[in-house]
1. If Lys and Arg each add +1 and Asp and Glu each add -1, what is the summed charge of the other residues whose beta carbon sits under 14 Å from the beta carbon of L43?
2. Order these peptides, 32-39, 73-80, 108-115, by their mean beta-carbon neighbour count within 10 angstrom, highest first.
3. At 0.36 nm per residue, and after removing the present C-alpha to C-alpha distance, how many nm does the segment from R38 to D89 gain when stretched out fully?
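Just so it is clear, none of the values below were taken in a lab; they were calculated from the coordinates. Being a predicted model, the structure only gives us computed values, none of them experimental. Cβ: placed from backbone, ideal geometry, glycine included. Neighbour counts: every protein chain shown.
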Amino acid sequence: GIAWAGRAIAPQLLHLLQFADIGGWGAWAQAGVTLAPRWSLWLYGGAERPDEDDVRDAAGTRLESLTLAPMLRFIAGPYSLGLEWVRSDVDYVLGPDREGRVGNQYLFSARYDFSMRFAPLAPAGAAR
């Protein structure tokens, strides 16, 4: 995970990509646990809160964000399959007020992990 605080840091993909002199803070973390030899459960969570006055002064639109993404993964050798739910909750500027919007996305993923082990070119101790 990581945490940050600062001003005008949108070029580093923070403060909800609002390119202006906006201060704020944010953080994200990811953790996983093995449930059984082939099953694991993962959770990603992130939050970001730019300074509301800075956002409004810069004519920005996004006031804060919260994202949660749990995933259940099945592993068989180098192959894995995942079921994931991503929930994003973002508050936007709406005149003098704010409006919250929620998005939900459901994903299925497949992955292959390439082995980093290579066969030796010559038996150990053999002349080269």
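1. With Lys, Arg at +1 and Asp, Glu at -1, the net is +1.
2. 73-80, 32-39, 108-115
3. Values: separation 51, 0.36 × 51 = 18.36 nm, distance 3.17 nm.
Length gained between R38 and D89: 15.2 nm.
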